[in-house]
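Here's the structure we're looking at; comments come further down.
Laboratory data are not the source of any read-out in this text; all were calculated from the coordinates shown. Bear in mind the structure is a predicted one, so any value in this text is a computation, not a measurement. Cβ atoms come from the backbone with ideal geometry, glycine included; neighbour counts cover every protein chain shown.
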Amino acid sequence: PAMKIEFEGSLTKDDYLKAHQIRFRGAFKLWWLFIVALGAFFLIVPVFAEPLPEDLSLLEVFGPGMMLGFVLTILGILIGVNLHTAPHRAWEKSESIKTHRSGEVTNESITTRIPSTETSLLWSTFTGYDEGEDLVILLLPDQNFLLFPKSFFKSTTEWEEFRRIVAEKLELRPEPKPATSTPTQSKAQIIIVVSLIVVSVVAILVVGALNR
């Protein structure tokens, strides 16, 4: 007989938050750290500056750089807050995430049932998988994913068998994340990096010119 593993359950908020931590680890955190570090750099430059001539004030010489540092620091704080709160907001707003579901896993596909809807996805539909402690994340195109916590399965044996099938059918997402980035996202990331570098260089040149 064909192999079939049944699952049933509802995701908890803890499951959802863990999935986001695993799924997006390092993706945006590096951007946040870069922006905060750059802002801090421009803010602390005046601390190490040589004594200024009496006819020049600190703001006259370092004003543009300090303003840029202030803006980048505030931007970094806002990004950090959003990174922390966005998954919480998504969980609270979406009822579909919390919907009770059931289904079965076979060597050919995964079938999921929620009230009045049944969906079957071939293994070839998925782009890969990720995993954490007691949690498997099946990756779909366009940054979508399906979550399978251990609690969905009747026994540890079935859970381990499910993980074995996933590992056999799909590739574990490499670290870091670029394997799931689309060309459009990659271009956007390059534009952001280049823009930040250009702004930083211009600010440094302005500060240097004012300090002559």
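Under 5 Å between amide H atoms, partner at least 5 residues away or on a different chain: which partners does residue 6 have, H built in plane at 1.01 Å?
Amide H neighbours of residue 6, under 5 Å, 5+ apart: 105.
Are there any GluC sites (Glu not before Pro) in segment 109-141 that are in a DSSP loop and have at most 15 other Cβ atoms within 10 Å? List them by number.
Filter output for segment 109-141: 133.
Can you give me the long-range amide H partners of residue 131? Hydrogens built in the peptide plane at 1.01 Å from N, cutoff under 5 Å, separation of 5 or more residues or another chain.
137
Given points 7 Å out from each Cα along the Cα-Cβ axis, report the residue 120 to residue 67 separation in nanometres with one decimal.
With each label point 7 Å from Cα toward Cβ, the separation is 6.4 nm.
Can you compute the modelled spin-label distance between residue 167 and residue 75, with each label point 7 Å from Cα toward Cβ, in nm?
Here the answer is 4.3 nm between the modelled labels.
Residue-wise, which Karplus ³J(HN,Hα) couplings in Hz belong to segment 107-122, taking 6.51 cos²θ - 1.76 cosθ + 1.60, θ = phi - 60°, and x for glycine or proline?
Rounded to whole hertz, the list is 5, 9, 7, 10, 10, 10, 10, 10, x, 6, 9, 10, 10, 10, 10, 5.
Apply the Karplus curve 6.51 cos²θ - 1.76 cosθ + 1.60, θ = phi - 60°, to the phi angles in segment 146-156 and return the couplings in whole Hz, x for Gly and Pro.
10, 9, 9, x, 4, 5, 6, 10, 5, 8, 4
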